[in-house]
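Inspection log for the structure reproduced underneath, given as structure tokens.
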Amino acid sequence: MSQHASAFASQPGVVFRRDKVFKFLLPGILDRLDTSGTTILYLEGVNVAFDGFKAINDLNFYVNKGELRCLIGANGAGKTTMMDIITGKTRPDSGIVLYGKNLDLVDETESDIALAGIGRKFQKPTVFEHLNVFENLELAMADNKSFWWTLRHKLTSEQHDRISQTADLIGLPDQLSQLAGSLSHGQKQWLEIGMLLMQDPLLLLIDEPVAGMTYQEMEKTGELLQSLAGNHTVIVVEHDMEFVRSIANRVTVLHQGSVLAEGSMDDIQNNQDVRKVYLGE
Ligand SMILES: Nc1ncnc2c1ncn2[C@@H]1O[C@H](COP(=O)(O)OP(=O)(O)OP(=O)(O)O)[C@@H](O)[C@H]1O
Ligand SMILES: [Mg+2]
């Protein structure tokens, strides 16, 4: 027996053949996740290059559990790439991406990362337009179960309540039987946030939620995101500075793939490095 294999042999439940550990026999991602600490996300020394261009450059970024963090930065600063790294869509060239105390997301698949409670909302809403609001939320609750499973099984009263509560939270209690395709742009965005919530995410990554919204819709979105913080950790990427100011507690400025500044909105506006980069001072 090799040294490597014998090290594993002493651990109960781990099955190996020669030097190979069967990954599917290792504990599932939820069993390995430990969110008992205060930090939920811990990126350190992360680098990603695309054809030699450093999109993420020695990035260090930490988020506490329950925070609502706003992420700002010019076009191409690396905001979306950072979200791609957290969700496993892009593999960094180096660095660690800890979720909870000890789970390095660099080693995990996209589907396992989603299963472990990281939900992502892209800029364009992707609701099922030909289904109504209730059905959209119902399908989202099915998580790993198939579409057909959902259609064939009756909802329990708790599941019904959960859908109603989520509809209340996202401001669509009167639209449950309305087709998603007939909702306004803002309402579709809220429905998609509701669909993410049906999967009980710990960490929500939301890319440019208010682009194309009316002022009233923006205000309601701000209230919604603020109400989610605490129970969830929320990272919001947004270009609209008025919106960021209205919801922000802590803001991170990304510039050329690294953190340029971090703090309250006032701290950011008075930060010399930020002023140099954005105002040429
Ligand atoms: N798959 C890819 N292949 C090559 N280059 C990429 C890829 N993804 C991102 N980039 C480049 O990496 C840089 C960072 O892009 P990213 O999309 O992360 O920026 P961003 O901060 O989200 O910008 P925006 O505010 O415009 O959405 C850009 O220069 C972009 O062109
Ligand atoms: Mg982007």
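The values are calculated or read from the model by the stated rules, or taken from the named source; none is laboratory data. Nothing here was measured: the structure is a model prediction, and the numbers come from that model. Note that each Cβ is placed from the backbone with ideal geometry, even for glycine, and that neighbours are counted across all protein chains shown.
Return the residue satisfying two criteria in turn: it lies in the range 68-82 and is among the hydrophobic types (A, V, I, L, M, F, W, C) and crowded, with 19+ Cβ neighbours inside 10 Å, and of such residues it is nearest to ligand 1 (Cβ to nearest atom).
As a first pass, look at the range 68-82 and keep what is among the hydrophobic types (A, V, I, L, M, F, W, C): 68, 70-72, 74, 77, 82.
Next, only the ones that are crowded, with 19+ Cβ neighbours inside 10 Å stay: 68, 70-72, 77, 82.
Working: LEU68: 19, CYS70: 13, LEU71: 9, ILE72: 9, ALA77: 4, MET82: 7 Å.
Checking each candidate, the answer is ALA77.
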Quiz item: If we keep just the residues of the range 75-93 that are more than 13 Å from ligand 2 (Cβ to nearest atom) and not in a helix (DSSP H, G or I), which is farthest from GLU208 (Cα to Cα)?
Solution: ASP93
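Quick grid of which residues meet (1) more than 16 Å from the chain's Cα centre (by Cα); (2) farther than 17 Å from MET141 by Cβ; (3) small (Gly, Ala, Ser); (4) within 16 Å of ligand 1 (Cβ to nearest atom):
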{"residue": "GLU158", "(1), (2), (3), (4)": "yes, no, no, no"}
{"residue": "THR166", "(1), (2), (3), (4)": "yes, no, no, no"}
{"residue": "GLN178", "(1), (2), (3), (4)": "yes, yes, no, no"}
{"residue": "PRO209", "(1), (2), (3), (4)": "no, yes, no, yes"}
Quiz item: Any chance the range 221-235 includes a residue that's touching an Asp or Glu at 6+ places or on another chain (Cβ under 7 Å), touching a residue at least 12 places away in the same chain (Cβ under 8 Å) and within 16 Å of ligand 2 (Cβ to nearest atom)?
Solution: no
Exercise. Output the residues belonging to the range 202-235 that are in a loop (DSSP other than H, G, I, E, B), crowded, with 20+ Cβ neighbours inside 10 Å and not hydrophobic (A, V, I, L, M, F, W, C).
Key: PRO209
Practice problem: Could you look through the range 236-267, keep only residues that are in contact with a helix residue (DSSP H, G or I) (Cβ under 6 Å, 6 or more places away or on another chain) and not in a strand (DSSP E or B), and pick out the one that is nearest to ILE118 (Cα to Cα)? | Solution: GLU238
Quiz item: For the subset of the range 40-62 comprising residues that are away from ligand 1 (no atom under 16 Å from the Cβ) and surrounded by fewer than 21 Cβ atoms within 10 Å (Cβ to Cβ), which member is nearest to ASN102 (Cα to Cα)?
Solution: TYR42
Self-check item: Checking GLY28 against (1) farther than 25 Å from LEU202 by Cα; (2) modelled with pLDDT under 95; (3) of a type outside the set (Asp, Glu), the condition it does not meet
Solution: (1)
Self-check item: the range 103-123 residues that are closer than 23 Å to GLY45 by Cα and among the small types (Gly, Ala, Ser), paired with ones that are within 16 Å of ligand 1 (Cβ to nearest atom) and not in a helix (DSSP H, G or I) (beta carbon under 7 Å, 6 or more apart)
Solution: none
Self-check item: Tally of residues being part of a helix (DSSP H, G or I) and surrounded by 15 or more Cβ atoms within 10 Å (Cβ to Cβ) across the range 94-109
Solution: 2
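Going by the conditions given, is GLY37 away from ligand 1 (no atom under 13 Å from the Cβ), closer than 19 Å to ILE118 by Cα, part of a loop (DSSP other than H, G, I, E, B) and modelled with pLDDT under 95?
Details: away from ligand 1 (no atom under 13 Å from the Cβ): yes; closer than 19 Å to ILE118 by Cα: yes; part of a loop (DSSP other than H, G, I, E, B): yes; modelled with pLDDT under 95: yes.
Yes, satisfied.
Against the condition surrounded by fewer than 22 Cβ atoms within 10 Å (Cβ to Cβ), within 13 Å of ligand 1 (Cβ to nearest atom) and under 26 Å from ALA229 (Cα atoms), how does LYS65 come out, does it pass? Show your work before the answer.
Values: surrounded by fewer than 22 Cβ atoms within 10 Å (Cβ to Cβ): yes; within 13 Å of ligand 1 (Cβ to nearest atom): no; under 26 Å from ALA229 (Cα atoms): yes.
No.
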Quiz prompt | Within the range 87-105, tally of residues that are closer than 17 Å to PHE50 by Cα and away from ligand 1 (no atom under 12 Å from the Cβ) | solution = 5
Practice problem: Show the residue pairs that are 6+ apart or on different chains and have beta-carbon atoms under 7 Å apart, the first residue being within the range 172-185 and without any contact (Cβ under 8 Å) to a residue 12 or more places away in the chain, the second being hydrophobic (A, V, I, L, M, F, W, C) and surrounded by 13 or more Cβ atoms within 10 Å (Cβ to Cβ). | Solution: PRO173/ALA167
Quiz item: Which one of the conditions (1) of a type outside the set (Lys, Arg); (2) at pLDDT below 95; (3) within 30 Å of ILE86 (Cα to Cα); (4) not in a helix (DSSP H, G or I) does LEU139 fail to meet, given that it meets all the rest?
Solution: (4)
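LEU205: in contact (Cβ under 8 Å) with a residue 60 or more places away in the chain and either among the aromatic types (Phe, Trp, Tyr) or more than 16 Å from ligand 1 (Cβ to nearest atom) (or both), yes or no?
On the way: in contact (Cβ under 8 Å) with a residue 60 or more places away in the chain: yes; either among the aromatic types (Phe, Trp, Tyr) or more than 16 Å from ligand 1 (Cβ to nearest atom) (or both): no.
When the stated conditions are applied, LEU205 does not pass them.
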